[in-house]
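The values are calculated or read from the model by the stated rules, or taken from the named source; none is laboratory data. Remember, predicted model here, so these are calculated numbers, not experimental data. As a convention, Cβ positions derive from the backbone with ideal geometry for all residues, glycine included, and neighbour counts pool all protein chains shown.
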Amino acid sequence: MSRDNGAILVCCGPDNNGGHGLVCARHLKHFGYKPSIFYPKTSNQQIFENLRLQCERMDMPFLSFFPSEPHLIDSAYNLVVDAIYGSCHKERITGDFASVLETLKKIENPLVSLDIPSGWDIENGCSDGLQPSMLISLTCPKLCARHFQGQHHYLGGRYIPRTLELRYELNLPQYAGIDCTVELKTQHQSTTHNTSATTTTTTTTTTTTTTTTTGRIVKAVRKI
């Protein structure tokens, strides 16, 4: 498996977050990227079947198996999107998806999680679970986002009525202009801010390439 410029692997689960992944893949295709989709357990709901058909008719490849070795993923793709399980999943992950998560823990390329990292408890996170370099919270950040240690955290979605925001004291950030996404401060950014100028420069240089690619992921979920 040789590296293809713009190649992105989108891993989708059977629930709502898998639907988010299919939408993400479709928009990435429109942006000129080359997404491949791993979607082994489909939903019987028509809306998810429609999303799958849209991707299929856009000639996006669906993987029939998941690469078992992390280096195979690193050599074939520039970035991986985790859209396996989100905030609606309460049970312990077992079976094939458990082995998929174990493999994703070991990849070296950037990992982007939608909503919450797969396998995390919605409130307490998971210290030995996936540790993505980028998290895109949907609607509002979940409590587990406090445990996110990655470099970039975005909030996507701008449709919560102000009355509900006030009633539940959500304290959502301000969006600029008509943007539907906003970047949130992370623990990584706070730590970097307090380091020496040399370390800050090194970190900025290292993350520039990642930001160029993952920035498009944020745009890809604007319509989720």
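Taking the stated definitions as given, is Thr199 of a type in the set (S, T, N, Q), at pLDDT below 90 and surrounded by 15 or more Cβ atoms within 10 Å (Cβ to Cβ)? Reasoning before the result, please.
Numbers: of a type in the set (S, T, N, Q): yes; at pLDDT below 90: yes; surrounded by 15 or more Cβ atoms within 10 Å (Cβ to Cβ): no.
No: the conditions fail for Thr199.
Filter segment 74-123 down to the residues that are under 15 Å from Pro141 (Cβ atoms) and out of contact with any Pro (no Cβ under 7 Å at 6 or more places or on another chain) and list them by number. Let's see the steps before the verdict.
Going through segment 74-123, the residues under 15 Å from Pro141 (Cβ atoms) turn out to be 86-87, 113-117, 120-123.
Selection gives Gly86, Ser87, Leu114, Asp115, Ile116, Trp120, Asp121, Ile122, Glu123.
Residue pairs, Cβ under 9 Å, 6 or more apart or interchain, first in segment 155-168 and in contact (Cβ under 8 Å) with a residue 12 or more places away in the chain, second surrounded by fewer than 10 Cβ atoms within 10 Å (Cβ to Cβ). List them.
Filtered contacts from segment 155-168: Arg158/Ile178.
Which one of these does Cys126 not meet: (1) surrounded by 14 or more Cβ atoms within 10 Å (Cβ to Cβ); (2) farther than 21 Å from Val23 by Cβ; (3) touching a residue at least 24 places away in the same chain (Cβ under 8 Å); (4) touching a Pro at 6+ places or on another chain (Cβ under 9 Å)?
(3)
Only one of these is of a type in the set (Val, Ile, Thr), at pLDDT below 95 and either in contact with a strand residue (DSSP E or B) (Cβ under 6 Å, 6 or more places away or on another chain) or under 28 Å from Cys126 (Cβ atoms) (or both): Ile37, Ile73, Ile93. Name it. Before you say what the answer is, go through the steps one by one.
Details: Ile37 fails: at pLDDT below 95; Ile73 fails: at pLDDT below 95.
Answer to the check: Ile93.
On the basis of being within 25 Å of Ala145 (Cβ to Cβ), in contact with an Asp or Glu (Cβ under 9 Å, 6 or more places away or on another chain), of a type in the set (Gly, Ala, Ser) and part of a loop (DSSP other than H, G, I, E, B), does Gly21 make the cut?
Working: within 25 Å of Ala145 (Cβ to Cβ): yes; in contact with an Asp or Glu (Cβ under 9 Å, 6 or more places away or on another chain): yes; of a type in the set (Gly, Ala, Ser): yes; part of a loop (DSSP other than H, G, I, E, B): no.
Answer is no for this residue.
Going by what's in this entry, would Arg3 be described as of a type in the set (Lys, Arg), farther than 28 Å from Ile122 by Cα and modelled with pLDDT under 95? Break it down into steps so the answer makes sense when it comes.
On the way: of a type in the set (Lys, Arg): yes; farther than 28 Å from Ile122 by Cα: yes; modelled with pLDDT under 95: yes.
Judged against the criteria, Arg3 is a match.
So is Cys24 closer than 10 Å to Ile84 by Cβ, hydrophobic (A, V, I, L, M, F, W, C) and within 16 Å of the chain's Cα centre (by Cα) or not? Please lay out each step first, then the result.
Details: closer than 10 Å to Ile84 by Cβ: no; hydrophobic (A, V, I, L, M, F, W, C): yes; within 16 Å of the chain's Cα centre (by Cα): yes.
Considered against the rule, which asks whether it is closer than 10 Å to Ile84 by Cβ, hydrophobic (A, V, I, L, M, F, W, C) and within 16 Å of the chain's Cα centre (by Cα), Cys24 comes out as no.
Can you give me the number of residues within segment 51-70 that are closer than 30 Å to Asn124 by Cβ and in contact with a strand residue (DSSP E or B) (Cβ under 6 Å, 6 or more places away or on another chain)?
1
Of the numbered conditions (1) within 15 Å of the chain's Cα centre (by Cα); (2) more than 22 Å from Phe48 (Cα to Cα); (3) at pLDDT 90 or above, Gly129 fails exactly one; give the number of that condition.
(3)
Could you list, in sequence order, the residues of segment 132-169 that are modelled with pLDDT of 90 or more, part of a loop (DSSP other than H, G, I, E, B) and surrounded by fewer than 17 Cβ atoms within 10 Å (Cβ to Cβ)?
Thr139, Cys140, Gln149, Ile160, Pro161, Tyr168, Glu169
Quick check, is Ser118 closer than 15 Å to Asn17 by Cβ, buried (at least 22 other Cβ atoms within 10 Å of the Cβ) and at pLDDT below 95? Let's see the steps before the verdict.
Details: closer than 15 Å to Asn17 by Cβ: yes; buried (at least 22 other Cβ atoms within 10 Å of the Cβ): yes; at pLDDT below 95: yes.
For Ser118, the condition - closer than 15 Å to Asn17 by Cβ, buried (at least 22 other Cβ atoms within 10 Å of the Cβ) and at pLDDT below 95 - is met.
Name the residues in segment 64-97 that are assigned to a helix (DSSP H, G or I), without any contact (Cβ under 8 Å) to a residue 40 or more places away in the chain and surrounded by 13 or more Cβ atoms within 10 Å (Cβ to Cβ), would you?
Residues of segment 64-97 that are assigned to a helix (DSSP H, G or I), as a first pass: 70-76, 96-97.
Retained after the next criterion (residues that are without any contact (Cβ under 8 Å) to a residue 40 or more places away in the chain): 70-71, 74.
Passing the criteria: Pro70, Asp74.
Checking the conditions here, which among Asn109, Asn124 is within 20 Å of Ser75 (Cα to Cα), modelled with pLDDT of 90 or more and polar (S, T, N, Q)?
Details: Asn124 fails: within 20 Å of Ser75 (Cα to Cα).
Sole residue among the options that is within 20 Å of Ser75 (Cα to Cα), modelled with pLDDT of 90 or more and polar (S, T, N, Q): Asn109.
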